[in-house]
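A.B. asks: Here it is, the structure, as structure tokens.
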Amino acid sequence: MDEFDLIRQFFVREGGAPRVPLKPGSFAGALLGPGDDCALLGATTTAAARFAVTTDLLVEGVHFFSDVDPQTLGHKALAVNLSDLAAMGARPVAYLLALALPRADIDWLEGFARGLHALADVYGIELVGGDTTRGPLTIAITALGEVDPAAALRRDRARLGDDIWVSGCLGAAAFAVRERVRGHPLAASHPARARLEQPVPRVELGLELAKLSAQGLVHAAIDLSDGLAGDLSHILARSGAALGTSVGAVLWADALPNHECLNGLIAEDQHDLMLFGGDDYELLLTAPTTGRRALERLGDLRRIGTLDTGPALRLRDGSGDERVLPNRAYQHFRSEADRL
């Protein structure tokens, strides 16, 4: 098949995606979807709404193993983009797909498209265009969302004295990668492998946090893709630049929410996976102390530290001793073996 047959067979869906948005929205849907030079999108009808746009690139051997199930890969390729929208407090509305394939493998494409469309249907979003070509397996998705700029969760709005909160639990995906690199791949049914291959984007939580942001009860947010320490450092740097002062943070070791699959590991290994492992796709946020009650009501959030003027990022143990954490996060030009 040529690229146009491929698009028609696997990615063009008659009538578009089912319209099941998380709440009544202003996006009018795709007026023209895949198959033309551009997608035509219906205009927004809410004056406060603006488009949030994000894109992620997944490369075989860098972001996923070559033998990953194509259905889970289709899920993850979209999920990591929806996680970015969640971190901004945006409601997903549409996405584009660019796909490079070494060959048109029908079985692989059927699985990939099934995983991709299944997650898209959860949020009622449409695939509105993209591109296909021959080459090393590479997946690029661009996702569009709607958000009120005044309520958008940004990295540069943290303030000194803010609490640090995180959703869910950490370290499971990194544990799955580490075991694979060490030659002990986990079974497909293992919960850590599911966290690595089928992350759940925190879209609903992001929308609730945006409401609190509009009330001044949440200041900054980021999704955890490259590790808690590295991603929190982005907030410290961006907010420090905006404030014109140094912003540091202390994390409480005993408060870090480790996934249950880490329970058998020594504390040092647990902290290493939670702080530097990556691929958690949870939301990390900072908020004033006045936001504590509202955040506690949301559930599945844990307060894990505070922002201050101290040196960079530190980890405090149960005895009150602190150590400065290295400036270390996932880097695409280092191998998995070096990283782990």
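The values are calculated or read from the model by the stated rules, or taken from the named source; none is laboratory data. These figures come from a predicted structure and were not determined experimentally. FYI the Cβ positions are ideal-geometry reconstructions off the backbone, even for glycines, and counts take in every protein chain you see.
A.B. asks: Do we find a residue being in a helix (DSSP H, G or I), of a type in the set (Phe, Trp, Tyr) and under 29 Å from His63 (Cβ atoms) anywhere in the stretch 267-276? Before you say what the answer is, go through the steps one by one.
C.D. replies: Within the stretch 267-276, the subset in a helix (DSSP H, G or I) is 267-276.
Now narrow it down to the ones that are of a type in the set (Phe, Trp, Tyr): 276.
If we keep only those that are under 29 Å from His63 (Cβ atoms) too, we end up with 276.
Looking for residues that are in a helix (DSSP H, G or I), of a type in the set (Phe, Trp, Tyr) and under 29 Å from His63 (Cβ atoms), one finds at least one in the stretch 267-276, hence yes.
A.B. asks: Output yes when any residue across the stretch 278-285 is assigned by TED's automatic domain parsing to the domain that holds Ala229, in contact with a helix residue (DSSP H, G or I) (Cβ under 7 Å, 6 or more places away or on another chain) and surrounded by fewer than 22 Cβ atoms within 10 Å (Cβ to Cβ), and no when none is. Break it down stepwise before answering.
C.D. replies: As a first pass, look at the stretch 278-285 and keep what is assigned by TED's automatic domain parsing to the domain that holds Ala229: 278-285.
Remaining after also requiring in contact with a helix residue (DSSP H, G or I) (Cβ under 7 Å, 6 or more places away or on another chain): 278-281, 283-285.
With surrounded by fewer than 22 Cβ atoms within 10 Å (Cβ to Cβ) added as a condition, the list becomes none.
No: the stretch 278-285 contains no residue that is assigned by TED's automatic domain parsing to the domain that holds Ala229, in contact with a helix residue (DSSP H, G or I) (Cβ under 7 Å, 6 or more places away or on another chain) and surrounded by fewer than 22 Cβ atoms within 10 Å (Cβ to Cβ).
A.B. asks: Now a separate question. Just to be sure I understand, how many residues within the stretch 99-125 are part of a helix (DSSP H, G or I) and among the hydrophobic types (A, V, I, L, M, F, W, C)? Can you show your working first?
C.D. replies: Filtering the stretch 99-125 for residues part of a helix (DSSP H, G or I) gives 106-123.
Now restrict to residues that are among the hydrophobic types (A, V, I, L, M, F, W, C): 106, 108-109, 112-113, 116, 118-120, 122.
Going through the stretch 99-125 one residue at a time, the tally reaches 10.
A.B. asks: Does Leu256 satisfy being more than 21 Å from the chain's Cα centre (by Cα) and at pLDDT 95 or above?
C.D. replies: Working: more than 21 Å from the chain's Cα centre (by Cα): no; at pLDDT 95 or above: yes.
It is false that Leu256 is more than 21 Å from the chain's Cα centre (by Cα) and at pLDDT 95 or above.
A.B. asks: In the stretch 66-78, what residues are farther than 10 Å from Asp56 by Cα and assigned to a helix (DSSP H, G or I)?
C.D. replies: Taking the stretch 66-78 and keeping what is farther than 10 Å from Asp56 by Cα, we get 66-76.
Pro70, Gln71, Thr72, Leu73, Gly74, His75, Lys76, listed by residue number.
A.B. asks: Give Gly161, Gly183, Gly130 a once-over and let me know the one that is free of Cβ contacts under 8 Å to residues at least 60 places away in the same chain and on the phi > 0 side of the Ramachandran plot.
C.D. replies: Gly183
A.B. asks: Only residues that are of a type outside the set (A, V, I, L, M, F, W, C) and not in a loop (DSSP other than H, G, I, E, B): list them for the stretch 148-177, please.
C.D. replies: Of all residues in the stretch 148-177, those of a type outside the set (A, V, I, L, M, F, W, C) come to 148-149, 154-157, 159, 161-163, 167-168, 171.
Residues satisfying the conditions are Arg154, Asp163, Ser167.
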